[in-house]
Amino acid sequence: MKVEFWGQEFEVNMWVGCTGGFLIAIMSSMFGFGGGPFMVPLMTVALRLPMYIVVGSSLLAIFFNTAMGTMRHMQFGNFDLILFLAMFPAAIIGGYIGPMIAKKVSPTVVKRIACAGLLLLGLNLLGVY
Amino acid sequence: MNIRFRVLPALALAMILLFAPQVRGEQPGTGAAPAATPAANAPTINIDKTSLNNGGDILVTGKAPAGSQIYVEVFSADKKVRANRFDGKKDEKTGKIPYKFYITTDMPAFYKILVPKDMDGELVKAKADGSKWKYSEVLKKIGADAAYSAPAKIKIDNYQATIMASIIGSRGTLLPEMDEKATKSESMKLAKGRFRSVGNLLGANVEVQADGSYSAKFKLPASQAPGKYNVTVTAVTDRIKEGDKETVKKVKSEVASFENKIAFPTMYLNNAGTSINLLWPFLLCLAISIFGILMGAGGGFILNPILVTLFPLPHTIVAGTVMPTVLFAQATGIMNYNKVKFINWKLGVGIGCAMLVGGFIGPKLTEMITLDQFKFLFGWVLLVLAALMFWQTTPGYLANNKKEQAIMKEFKKRAEEAAKAKG
């Protein structure tokens, strides 16, 4: 498939994109997270698209997944309104505070912390310690 | 171009519809086991408190016929929760996989049987089995199945699941209701899936004297369902073994009740079946969403594992509740990018369609796996993510990213100027 973006044309292998997107969507909706951290590498590495086209478009693709996943979770009665109401304002407030701090910290440092945190959390879930 | 702006209100409308709270009637507490007509030698029962404040200690005392085994059943009388189990294990006798899905909405939100102290050894053994312990077997070994009554008659729906049905996302075909015996045995499996550990379901803290008087110190943990709790004492006076068959002679006491009270910010989560101090998820979500923005990703993959490990929340509820919280942030993100025309709709919708199908199947799978499987799979997902994060901090990636970011800034500037010129 050919995709035009700001006057440049890119050739996108939709087979790879859709299969990858499908698998990522199953996984992320199963565990209840967005899927951005998997989608961005998929689109930049496997589809060889530049970052500036990926940021917005991957968000749009993920939105489809989140909307559908939300609907299905509700259908199965997996949604708890009170818990949601406790977390939703926090997510919005976080959304305002985050960008303010973002200018002051290096994303590389944050990512290294995240990497260590994820490793610990993952090993904990696997029952290693 | 107009179409783009028509899509957004439609999405917003869809979101509002999604957030409309589900109305669900709460059934009055009818599940309480009918008190057996007090027999002449029925045990007496006394509890030292009639109300607790978000858990606490309660002392159950009384007198039963001398020499009997005493079991104390404690359960939440008016709060019920959902429990489900997917049977995908090969049947050893027939070699077939049953693919059956069991679900009930009548499981008491709290259920525990207290057994005599001298049976502690069996409980320790069961604990050593880890997550593979079998509730029904342990109950039988310690004779507590004689006291197992509150969940024994709950309504359980069973479905024959097929791969096709799972893909469409239905639970399968509803099978005829199970008989009493099958319901009881399945209810034990559901109870184990729901309450997970030996310690949650059983406790060896009944002290019985030679004359038959007993006392049981029971601790209702914090974060349990509020409302009425029923306590019944079952005294097994005799067990007669004839070959394989065992006749159990038992007498039941009257039902004693106490009330568990909780106060804001601790609230009861109806679907999760537990109370929780709402400040914790709020603070956790705040911290993680800020961190998520700094990292350039959502925070769901950190928030979910923390929520399932730290709180007694079922994984289905966690996954189903965290997902909608990011929906809003994503929608605003899309709107902002769209303003500067930074979204390629052809690409986004194209891959989005594939993700739509994936998002349809995923939540079904959440329901079919147990918490342990959830944790196991999530653990691996997190390790992969950690590797991805690490890769994003390697020098090669960073150099490349710097270039990309510069191009992106340039494009963004142009886009903003173009949007301004137009506006």
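Only the coordinates and a few stated rules stand behind these numbers; no lab work does. What you see is a predicted model; the values in this text were computed from it and never measured. Cβ placement follows ideal geometry from the backbone for every residue including glycine, while neighbour counts extend to all protein chains displayed.
Quick check: convex hull over the Cα atoms of region B:195-260, volume per residue in Å³, rounded to an integer? List each step's numbers first, then the result.
Values: hull volume 9.2 nm³, N = 66.
Enclosed volume per residue, from the Cα hull, is 140 Å³.
Apply the Karplus parameterisation 6.51 cos²θ - 1.76 cosθ + 1.60, with θ equal to phi minus 60°, to every residue of region B:121-137 and state each ³J(HN,Hα) to the nearest whole Hz, in sequence, with x for glycine and proline.
Result, ordered by residue: x, 5, 5, 4, 4, 5, 5, 5, 6, x, 6, 8, 4, 10, 4, 5, 5 Hz.
For A:GLU9 and B:SER131, what does the FRET efficiency come to when R0 = 60 Å and r is the distance between their Cβ atoms, rounded to the nearest 0.05?
Numbers: r = 54 Å, r/R0 = 0.90.
Computed FRET efficiency for A:GLU9 and B:SER131: 0.65.
Per residue, how big is the convex hull around the C-alpha atoms of region A:1-79? Give it to me in cubic angstrom, could you?
Working: hull volume 6.6 nm³, N = 79.
It comes to 84 Å³ per residue, whole-number rounded.
Once the Cβ-Cβ distance between B:GLU259 and B:THR332 is put in as r, and R0 is 41 Å, what FRET efficiency do you end up with, to the nearest 0.05? Let's see the in-between values first.
Working: r = 44 Å, r/R0 = 1.08.
After rounding to 0.05, the efficiency reads 0.40.
Is the shape of region A:11-129 rounded, prolate or oblate, going by the alpha carbon gyration tensor and its root eigenvalues a ≥ b ≥ c, with a/c under 1.5 for rounded and a/b larger than b/c for prolate? Intermediate values should be presented prior to the final figure.
Numbers: a/c = 1.36, a/b = 1.09, b/c = 1.24.
Rounded, since a/c falls under 1.5.
Got a sec to turn the phi values of region B:346-351 into Karplus ³J(HN,Hα) couplings, 6.51 cos²θ - 1.76 cosθ + 1.60 with θ = phi - 60°, whole Hz, x for Gly and Pro?
4, 5, x, 5, x, 6
How large is the convex hull of the C-alpha atoms of chain B per residue, in Å³?
Values: hull volume 80.1 nm³, N = 423.
In chain B, the Cα convex hull volume per residue is 189 Å³.
Using θ = phi - 60° and the Karplus curve 6.51 cos²θ - 1.76 cosθ + 1.60, what whole-Hz ³J(HN,Hα) does each residue of region B:50-59 get, with Gly and Pro shown as x?
So the J values, rounded to whole Hz, are 10, 8, 10, 10, 6, x, x, 8, 9, 10.
Compute the distance from the alpha-carbon center of region B:53-85 to that of region B:290-350, in whole Å.
42
Would you work out if region B:41-93 is rounded, prolate or oblate? Take a ≥ b ≥ c from the square roots of the eigenvalues of the alpha-carbon gyration tensor; rounded if a/c is under 1.5, else prolate when a/b is larger than b/c, oblate otherwise. Present the calculation step by step, with values, prior to reporting the outcome.
Working: a/c = 3.77, a/b = 1.55, b/c = 2.43.
Verdict is oblate for region B:41-93.
Pull out the extension gain between B:ILE407 and B:LYS217, defined as 0.36 nm times the separation in residues minus the alpha carbon to alpha carbon distance; nm, one decimal.
On the way: separation 190, 0.36 × 190 = 68.40 nm, distance 6.90 nm.
Fully extending the segment from B:ILE407 to B:LYS217 adds 61.5 nm.
For chain B, find the longest principal axis of its Cα atoms and tell me its angle to the long axis of helix B:2-19, 0 to 90°, nearest 10.
Compared with the principal axis, the helix lies near 10 degrees.
Is the shape of region B:326-366 best called rounded, prolate or oblate, per the rule: a/c under 1.5 gives rounded, else a/b larger than b/c gives prolate, else oblate, with a ≥ b ≥ c the square roots of the Cα gyration tensor eigenvalues?
Values: a/c = 6.02, a/b = 1.70, b/c = 3.54.
Cα axes put region B:326-366 in the oblate bin.
Let's test the formula: R0 of 45 Å, r as the Cβ-Cβ distance of A:ALA46 and B:ASP48. What FRET efficiency results, to the nearest 0.05?
Plugging the Cβ-Cβ distance into 1/(1 + (r/R0)^6) gives 0.10.
In deg cm²/dmol and to the nearest 500, what is the mean residue ellipticity at 222 nm of the protein assembly as shown if only DSSP H runs of at least 4 residues count, each as -39500 (n - 2.57), divided by the residue total? Please report the intermediate quantities before stating the final value.
On the way: 17 runs with 276 residues, N = 552.
Rounded to the nearest 500, the figure is -16500 deg cm²/dmol.
Hey, which of these cross-link pairs are over 31 Å Cα-Cα: B:LYS100/B:LYS132; B:LYS93/B:LYS250; B:LYS155/B:LYS219; B:LYS93/B:LYS153; B:LYS375/B:LYS409? Present the calculation step by step, with values, prior to reporting the outcome.
Details: B:LYS100/B:LYS132 19 Å; B:LYS93/B:LYS250 34 Å; B:LYS155/B:LYS219 29 Å; B:LYS93/B:LYS153 27 Å; B:LYS375/B:LYS409 40 Å.
Violating the 31 Å limit, Cα to Cα: B:LYS93/B:LYS250; B:LYS375/B:LYS409.
Would you kindly work out the equivalent ellipsoid of region B:180-336 from its C-alpha gyration tensor and give its semi-axes, the square roots of five times the eigenvalues, largest first in whole Å?
Working: eigenvalues 411, 72, 34 Å².
In descending order, the three semi-axes are 45, 19, 13 Å.
Give me the one-decimal nm value for the distance between modelled label points at B:ASP372 and B:ALA419, 7 Å along each residue's Cα-to-Cβ direction.
Inter-label distance under the simple model: 5.1 nm.
Net charge within 11 Å of B:LYS134 by Cβ-Cβ distance, Lys/Arg positive one each and Asp/Glu negative one each, not counting B:LYS134 itself? Spell out each step's value before the answer.
On the way: positive: B:LYS132, B:LYS140, B:LYS141, B:LYS189, B:LYS192; negative: B:ASP129, B:GLU137.
My count for the surroundings of B:LYS134 gives +3.
Work out, in µm²/s and without decimals, the Stokes-Einstein translational diffusion coefficient of region B:278-391 at 37 °C, 0.692 mPa s, Rh from Kirkwood over C-alpha pairs. List each step's numbers first, then the result.
Working: Rh = 15.9 Å.
Diffusion coefficient, whole number: 206 µm²/s.
What does the net charge come to around B:MET389 if you take all other residues with beta carbon closer than 15 Å to its beta carbon, with K and R at +1 and D and E at -1? Let's see the in-between values first.
Working: positive: A:LYS111, A:ARG112; negative: none.
With Lys, Arg at +1 and Asp, Glu at -1, the net is +2.
Please list, by residue number, everything in region A:83-125 whose backbone N is under 17 Å from a paramagnetic label point 7 Å out along Cα→Cβ of B:THR394.
A:108, A:111-112, A:115-116
Between B:ALA225 and residues 5 or more places away or on another chain, which pairs have amide H atoms under 5 Å apart, with H built 1.01 Å from N, and which residues are they?
B:SER275
Compactness ratio of region B:49-132: Cα Rg over 2.2 N^0.38 Å, N = residue count? Let's see the in-between values first.
Values: Rg = 18.4 Å, N = 84, 2.2 N^0.38 = 11.8 Å.
Normalised Cα radius of gyration, region B:49-132: 1.55.
Can you give the translational diffusion coefficient of region A:81-129 in µm²/s, computed by Stokes-Einstein from the Kirkwood radius over Cα pairs at 4 °C and 1.567 mPa s? Before the final figure, lay out each step's value.
Working: Rh = 13.2 Å.
Rounded, D is 98 µm²/s.
Once amide H atoms are built 1.01 Å from N in the peptide plane, which residues 5 or more positions from B:LYS79, or in another chain, come under 5 Å H to H?
Placed amide hydrogens put B:ALA109 under 5 Å from B:LYS79.
Let's see if you can work this out: charge +1 on each Lys and Arg Cβ, -1 on each Asp and Glu Cβ, no other charges. What is the dipole magnitude of the protein assembly as shown about its Cα centre, in debye to the nearest 20? Walk me through the numbers before you get to the answer.
On the way: 61 positive and 38 negative charges, 282 e Å.
Charge dipole of the protein assembly as shown: 1360 debye, to the nearest 20.
Label-point separation (nm) for A:ALA116 and B:ASP157, each offset 7 Å from Cα along Cα-to-Cβ?
Label-label distance for A:ALA116 and B:ASP157, simple model: 4.9 nm.
Just the number, please: Stokes-Einstein D of the protein assembly as shown in µm²/s, Kirkwood Rh from C-alpha pairs, 20 °C, 1.002 mPa s.
Values: Rh = 25.9 Å.
The calculation lands on 83 µm²/s.
Once you've got the GNM for chain B with C-alpha springs shorter than 10 Å, pick whichever of B:LYS89, B:LYS339, B:LYS241 has the biggest mean-square fluctuation.
The residue that fluctuates most here is B:LYS241.
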